[in-house]
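Below you'll find the structure, written out as structure tokens, and then a few comments.
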Amino acid sequence: MISDLTLITLLDLLGTFAFAISGLKFASGKNIDWFGAYIVGLVTAIGGGTLRDLLLDVKPFWMSEPRYLLTTGVALMTAIIFKKKIFKMGATLFLFDTIGLGIFTIVGISKSLAFGFPVWVCITMGTITGSVGGVLRDVLINEVPLLFRKDIYALACVAGGIVYFICLKIPIPANFAEIIGASSVILFRILAVKYHLHLPTLPSIHDD
């Protein structure tokens, strides 16, 4: 049986890789050099977790563990070597972004829960961990952040977080609850895109 700590570490690294690939995919075709692409991938991977840790008043996670910077480097090399196989698939960007979203949401919730915060704070921190990196990525490459479009994105994090806490209440062992929670975020996001589910957009308001 994989321990909770080991599982979270594995999920964290997988999420880092997935989000880094997502950031690199967005950066491709933008006339960005390799170093610039690495920065975009790194910001995508660590941006949400950095803001979460600052709000939790702890040292940002990547400042103690170089593996996140190394994992982003591995993602960059993977993108360069296998770019034709990775980037030519239309669903690749969505898939990696969605996997990163699900994993990082639960990582953020688990870390906040370990610090003793209530459920609503944990879900908020999980949503920040999952979605803010993508916002920073989009800002860097001059795109409208996906979070601010009508797609179901942050709400998938919230829904997955609720599923995670329901699993803990049942109770389901924490490691299985983490997998179910992350999978729920991914499933909600996929279903929302597949069936074109979204919130209403705010209409423009003009003075008469």
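A few remarks follow.
- When the stretch 168-207 is filtered for residues that are crowded, with 17+ Cβ neighbours inside 10 Å and of a type in the set (Lys, Arg), only 189 remains.
- Check on residue 129, in contact (Cβ under 8 Å) with a residue 24 or more places away in the chain, of a type in the set (S, T, N, Q) and touching a Phe, Trp or Tyr at 6+ places or on another chain (Cβ under 6 Å): yes
- Qualifying residue in the stretch 118-134 (condition: surrounded by 15 or more Cβ atoms within 10 Å (Cβ to Cβ) and modelled with pLDDT under 90): yes
- Residue 49 being of a type outside the set (A, V, I, L, M, F, W, C), within 12 Å of the chain's Cα centre (by Cα), more than 27 Å from residue 194 (Cβ to Cβ) and not in a loop (DSSP other than H, G, I, E, B): yes
- Tabulated pairs, the stretch 55-66, first within 17 Å of residue 104 (Cα to Cα) and assigned to a loop (DSSP other than H, G, I, E, B), second modelled with pLDDT of 95 or more and of a type in the set (Lys, Arg), C-beta under 9 angstrom, 6+ apart or interchain: 60/52
- Residue in the stretch 158-167 that is under 17 Å from the mean Cα position of the chain (by Cα), under 19 Å from residue 107 (Cβ atoms), at pLDDT below 90 and surrounded by fewer than 20 Cβ atoms within 10 Å (Cβ to Cβ) present: no
- Residue list for the stretch 133-162, filter: among the hydrophobic types (A, V, I, L, M, F, W, C), in a helix (DSSP H, G or I) and under 13 Å from residue 189 (Cβ atoms): 146, 147, 154, 155, 156, 157, 158, 159
The values are calculated or read from the model by the stated rules, or taken from the named source; none is laboratory data. Nothing here was measured: the structure is a model prediction, and the numbers come from that model. For neighbour counting, all protein chains shown are included, and Cβ atoms are generated from backbone atoms with ideal geometry for every residue, glycine included.
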